[in-house]
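Undergrad: Input: one structure, supplied below.
The values are calculated or read from the model by the stated rules, or taken from the named source; none is laboratory data. All figures in this text were calculated on a predicted structure; none of them were measured in a lab. Heads up, the Cβs are rebuilt from the backbone with ideal geometry, glycines too, and the neighbour counts pull from every protein chain shown.
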Amino acid sequence: MGSGLWLERRLALTGLPRDQESYMARRRIIIVGGGFGGASAAVQLARKIAEPLAITIVEPSHQIGPGLAYSTDDPTFRLNAISGPHSIDVADPGHFTRWCAAKGLAQSDPEARIANGELFVRRRDFRDYLVETVRAHLSQENGSTITHVRDRASDISVDEQGVAVSLEGGRRIAADMAFLAVGNPPLRQPAWASGAAAGHPGLFAEPLRTSFDSVERDAKVLVVGAGLTALDIVASLLARGHRGSITAISRRGLRPEPQAPRVLAPPADPPQPPVIPLDLLEGELPAYATGEPLSALDLFRGMRRHAAETDATELGWQAAFDAVTLPLSRIWPNLPLPEKQRALRHLRAYYDAHRFRTPPMTDAMVRAREATGQVIFRKASIERLDVDDQRRLVAWLQTPDTGHTREAFDAVINCTGFDNGRALQGNSLLARLQRRGMIAPHPTGLGIEVDMQNRIITASGESIAQIRAIGPMTAGVFGDPLGVFFISAQVHRLIPGLAEQFGLTLTSRNC
Ligand SMILES: Cc1cc2nc3c(=O)[nH]c(=O)nc-3n(C[C@H](O)[C@H](O)[C@H](O)COP(=O)(O)OP(=O)(O)OC[C@H]3O[C@@H](n4cnc5c(N)ncnc54)[C@H](O)[C@@H]3O)c2cc1C
């Protein structure tokens, strides 16, 4: 489609602005990736910049917002925290809670409610919230628009004028700047899953995009990994009436802790914004997190001491943990590189088990069946997966108690998480940018190098102000920018600098 025709069609779709000259004068921002990060960036830019912006999101799937995490229809999969921190705009912490109230989710999904009135909403409802919220911001009174281009970016080039994003479909879109919001690395494909059993109908190698309808109710199931996804899948099988045994194995025998049922805000009618202000990210750090130089061990010991103090209180150990994880983006950059590497090597599994907590209803469902012996958590690792004469899957397990064992299963589900080692090679755009030296892998192995304003840093160490990376790909620099709250906060933090870069004004929504 010629650019004039495309422009006309876009103007016809948004209805704003009619006059082409003012359209051409708008600052153009292109966002590559339309998952939560891309959606949050678009909505926050539209709300917080006074001048009209032409925001384009390049995203191959048909909706803006869901990404990998929230595309699911499975009613068992819930958000892993209450509604408050899941606002698309961290500066408007009641936004999602108000949406839930307006939709009557507490009534239509009573299982979402916990004793204090808070909701652990289904992920599919959160998807609807994101899609609706983006839709509501497609055209703003000030002339800002959000346009979805359904394609995949294959390359980005930069010059004094700004950026040009090439699309796989052949088009090239010019803009003043770009956000890179391409999400998590691909899922890990362990060697055991690509050996003799590859292609077996009972092997589920990509659990986030799979339906488990083909798993027989009496099937004996092995879940490899025991993180949040594993628990979600166990709960989903149980909710569908699974009767067979389900064994979840993990190398260290750890599993996610349940989310604290603490009162973050008293239930109120109409609901009030919960008490998750930006101060939790920006407030004072615990003294043990401010050492110079800061060491991973000091941080760990400080957290343990603090957790022991708060464990007996109503807030529980989670309060001590959150005192570090909420402002982690300010603590992690102060750890020298060897300390970061030490923390990832020795503490990561413990961090993950305490940070990524299970919704209480998922935890309760799984524990109830654990009590009957149907669900078993074991400390074990899988070495090989074969197929026997009866076409059953045979797992070669190594356990600390029994050493090597072989056990047959009807279904084996790979929940070993994301493959950080393939974060760049696993995405053709990132692979190309790396080949051209425009991005460089972070030395921790997590994502790419960016500066404290999220500008990408080239292989030769130069910051590129026209391209800002957000979300999981900035984990090496910021530690844990993975959850919705943290990604939204990253965008919020960047907007004043962007406004200054382009001579724009902030609205009062940038509070
Ligand atoms: C299963 C799961 C459950 C989670 N649950 C929670 C939760 O309950 N609460 C919470 O706070 N956090 C949760 N998270 C974490 C967090 O919400 C997600 O990681 C977050 O959605 C990441 O957002 P993102 O936009 O960076 O990535 P994604 O949502 O994955 O979006 C990235 C998008 O980029 C697109 N893309 C990739 N490459 C290109 C390209 N070259 N061109 C164009 N588009 C491209 C993809 O199509 C994709 O839509 C969960 C994560 C997962 C995986």
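Undergrad: Working carefully through the options H242, H200, find the one that is crowded, with 21+ Cβ neighbours inside 10 Å, more than 23 Å from the chain's Cα centre (by Cα) and modelled with pLDDT of 95 or more. Full working, then the answer.
TA: Working: H200 fails: crowded, with 21+ Cβ neighbours inside 10 Å.
Within the list H242, H200, the selection yields H242.
Undergrad: If I go through the range 104-127 residue by residue, how many of them are in contact with a Pro (Cβ under 8 Å, 6 or more places away or on another chain), at pLDDT 95 or above and away from the ligand (no atom under 16 Å from the Cβ)?
TA: Result for the range 104-127: 0.
Undergrad: I'd like to know if the range 387-403 contains one or more residues that are within 15 Å of the ligand (Cβ to nearest atom), farther than 30 Å from L167 by Cβ and either among the polar types (S, T, N, Q) or at pLDDT 95 or above (or both). Talk me through it step by step, then tell me what you get.
TA: Residues of the range 387-403 that are within 15 Å of the ligand (Cβ to nearest atom), as a first pass: none.
No; the residues of the range 387-403 include none that is within 15 Å of the ligand (Cβ to nearest atom), farther than 30 Å from L167 by Cβ and either among the polar types (S, T, N, Q) or at pLDDT 95 or above (or both).
Undergrad: Still on this structure: Would you call P441 at pLDDT 95 or above and within 14 Å of the ligand (Cβ to nearest atom)? Working first, answer last.
TA: Details: at pLDDT 95 or above: yes; within 14 Å of the ligand (Cβ to nearest atom): no.
Against the criterion (at pLDDT 95 or above and within 14 Å of the ligand (Cβ to nearest atom)), P441 does not qualify.
Undergrad: What are the pairs, 6+ residues apart or on separate chains, where a residue within the range 410-422 that is under 16 Å from I382 (Cβ atoms) has its Cβ under 7 Å from a residue that is among the acidic types (D, E)?
TA: D410/E216
Undergrad: Would you mention how many residues in the range 458-491 are closer than 22 Å to S144 by Cβ and away from the ligand (no atom under 15 Å from the Cβ)?
TA: Looking only at that region, the number is 2.
Undergrad: Scan the range 150-181 residue by residue and report those that are of a type in the set (S, T, Y) and either away from the ligand (no atom under 14 Å from the Cβ) or touching a residue at least 60 places away in the same chain (Cβ under 8 Å) (or both). Steps first, please.
TA: Our first condition is that a residue be of a type in the set (S, T, Y); within the range 150-181, this holds for 154, 157, 166.
Selection gives S154, S157.
Undergrad: Assuming N184 fulfils every condition listed in (1) part of a loop (DSSP other than H, G, I, E, B); (2) more than 14 Å from the ligand (Cβ to nearest atom) apart from one, which condition is it?
TA: Against the list (1) part of a loop (DSSP other than H, G, I, E, B); (2) more than 14 Å from the ligand (Cβ to nearest atom), N184 comes up short only on (2).
Undergrad: Let me ask you something else. What number of residues within the range 458-489 satisfy the criterion of being touching a strand residue (DSSP E or B) at 6+ places or on another chain (Cβ under 9 Å) and either at negative phi or of a type in the set (D, E, K, R) (or both)? Steps first, answer last, please.
TA: To start, the set of residues in the range 458-489 that are touching a strand residue (DSSP E or B) at 6+ places or on another chain (Cβ under 9 Å) comprises 458, 463-474, 476-478.
Filter once more, so that each one left must be either at negative phi or of a type in the set (D, E, K, R) (or both): 458, 463-470, 472-474, 476-478.
So the answer is 15.
Residue by residue, here is whether (1) touching a Ser or Thr at 6+ places or on another chain (Cβ under 9 Å); (2) in contact (Cβ under 8 Å) with a residue 60 or more places away in the chain; (3) within 24 Å of A81 (Cα to Cα) holds:
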| residue | (1), (2), (3) |
| --- | --- |
| Q434 | no, no, no |
| P443 | no, yes, no |
| N454 | yes, no, no |
| T458 | no, no, no |
| I467 | no, yes, no |
| A475 | yes, no, yes |
| P481 | yes, yes, yes |
| Q490 | yes, yes, yes |
| P496 | no, no, no |
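Undergrad: Output the residue which, of all residues in the range 216-238 that are hydrophobic (A, V, I, L, M, F, W, C) and closer than 18 Å to T72 by Cα, is nearest to the chain's Cα centre (by Cα). Before the answer, list the steps.
TA: Let us first name the residues in the range 216-238 that are hydrophobic (A, V, I, L, M, F, W, C), namely 219, 221-224, 226, 228, 230-231, 233-235, 237-238.
Narrowing the set further to residues that are closer than 18 Å to T72 by Cα leaves 228, 230-231, 233-235, 237-238.
Numbers: L228: 12, A230: 16, L231: 17, I233: 18, V234: 21, A235: 20, L237: 23, L238: 25 Å.
Only one residue tops the list, namely L228.
Undergrad: Does V149 satisfy the criteria of being in the same structural domain as A164 (by TED's automatic domain parsing), in contact with a Gly (Cβ under 6 Å, 6 or more places away or on another chain) and closer than 19 Å to G37 by Cα? Even if it seems obvious, please write down each step before you answer.
TA: Values: in the same structural domain as A164 (by TED's automatic domain parsing): yes; in contact with a Gly (Cβ under 6 Å, 6 or more places away or on another chain): no; closer than 19 Å to G37 by Cα: yes.
When the stated conditions are applied, V149 does not pass them.
Undergrad: Taking G403 as the residue in question, decide whether it is more than 26 Å from the chain's Cα centre (by Cα) and either in the same structural domain as L203 (by TED's automatic domain parsing) or more than 25 Å from S211 (Cα to Cα) (or both).
TA: Numbers: more than 26 Å from the chain's Cα centre (by Cα): yes; either in the same structural domain as L203 (by TED's automatic domain parsing) or more than 25 Å from S211 (Cα to Cα) (or both): yes.
It is true that G403 is more than 26 Å from the chain's Cα centre (by Cα) and either in the same structural domain as L203 (by TED's automatic domain parsing) or more than 25 Å from S211 (Cα to Cα) (or both).
Undergrad: Separate question: Select, from A101, A54, the only residue that is among the hydrophobic types (A, V, I, L, M, F, W, C) and more than 29 Å from L506 (Cα to Cα). Steps first, please.
TA: Numbers: A54 fails: more than 29 Å from L506 (Cα to Cα).
Only one candidate qualifies: A101.
Undergrad: Just to be sure I understand, how many residues within the range 86-122 are over 23 Å from L482 (Cα atoms) and hydroxyl-bearing (S, T, Y)?
TA: Of the residues in that region, 1 qualify.
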